[in-house]
1. Select from the stretch 1-43 the residues that are hydrophobic (A, V, I, L, M, F, W, C) and either at pLDDT below 95 or in contact with a Phe, Trp or Tyr (Cβ under 7 Å, 6 or more places away or on another chain) (or both) and write down the one among them that is surrounded by the fewest Cβ atoms within 10 Å (Cβ to Cβ).
2. Tell me whether the stretch 54-61 contains one or more residues that are assigned to a helix (DSSP H, G or I), open to solvent by less than 60 Å² (accessible area, probe 1.4 Å) and touching a residue at least 24 places away in the same chain (Cβ under 8 Å).
3. Would you please name the residue that is farthest from the chain's Cα centre (by Cα), looking only at residues in the stretch 67-100 that are closer than 30 Å to I41 by Cβ and open to solvent by 90 Å² or more (accessible area, probe 1.4 Å)?
4. In the stretch 101-115, what residues are under 18 Å from I50 (Cα atoms) and in contact (Cβ under 8 Å) with a residue 40 or more places away in the chain?
5. Within the stretch 45-52, is even one residue open to solvent by 60 Å² or more (accessible area, probe 1.4 Å), without any contact (Cβ under 8 Å) to a residue 12 or more places away in the chain and over 15 Å from L106 (Cα atoms)?
6. Checking I108 against (1) more than 21 Å from the chain's Cα centre (by Cα); (2) closer than 19 Å to Q42 by Cα, which test does it fail?
Amino acid sequence: QPIFDGRQRQLNDKRTQLLEKSAALYSTFFSVQNKTRKDRIQQQIQALDIQADTLQQQSAAYDELLRYYRQQLTAGQLSVIDYITVLRSRTMLESNLITLQTNKQLLINEYNYWNW
């Protein structure tokens, strides 16, 4: 003789189906979000590479300028203040380059984390 369970089996089946759909939606959402995140990180890394190239070109130009200023300074045709000003600018440029490289490494680490 069948015992009436108050449709608990049907309710549990529907609940299970909803949980499965919910898990599938969460999984899809995470996949899309993760792909977007990784694309954004890659774009940021490429932008930092372009900035690093520009800063390295500027650094080479500063090196050439400092070489010229050194010659002028030894000949007595340039003030020490001008030389120091250019030297400080180059030092700040190098500091910016190091910061940029650090940020790039942090982005690479973040990309590797989400790509794991």
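1. So in the stretch 1-43, the residues hydrophobic (A, V, I, L, M, F, W, C) come out as 3-4, 11, 18-19, 23-25, 29-30, 32, 41.
Imposing the further condition that a residue be either at pLDDT below 95 or in contact with a Phe, Trp or Tyr (Cβ under 7 Å, 6 or more places away or on another chain) (or both) reduces the set to 3-4, 11, 41.
Working: I3: 4, F4: 6, L11: 11, I41: 20.
In this case the residue turns out to be I3.
2. yes
3. Per the stated criteria, the residue is M92.
4. Going through the stretch 101-115, the residues under 18 Å from I50 (Cα atoms) turn out to be 101-108.
Within the stretch 101-115, Q101, N103, K104, L107, I108 meet the criteria.
5. Applying the first criterion (open to solvent by 60 Å² or more (accessible area, probe 1.4 Å)) to the stretch 45-52 yields 46, 50-51.
Retained after the next criterion (residues that are without any contact (Cβ under 8 Å) to a residue 12 or more places away in the chain): 46, 50.
Narrowing the set further to residues that are over 15 Å from L106 (Cα atoms) leaves 50.
Scanning the stretch 45-52, I find at least one residue that is open to solvent by 60 Å² or more (accessible area, probe 1.4 Å), without any contact (Cβ under 8 Å) to a residue 12 or more places away in the chain and over 15 Å from L106 (Cα atoms), so the answer is yes.
6. It fails just one condition, (1).
The values are calculated or read from the model by the stated rules, or taken from the named source; none is laboratory data. Note that the coordinates shown come from a computational prediction; the quantities given were computed from them, not determined experimentally. With ideal geometry, Cβ positions are generated from the backbone for all residues, glycine too; neighbour counts draw on all protein chains shown. Accessible surface areas use protein heavy atoms only, side chains included; no ligands, DNA or RNA. Shrake-Rupley method; radii C 1.70, N 1.55, O 1.52, S 1.80 Å.
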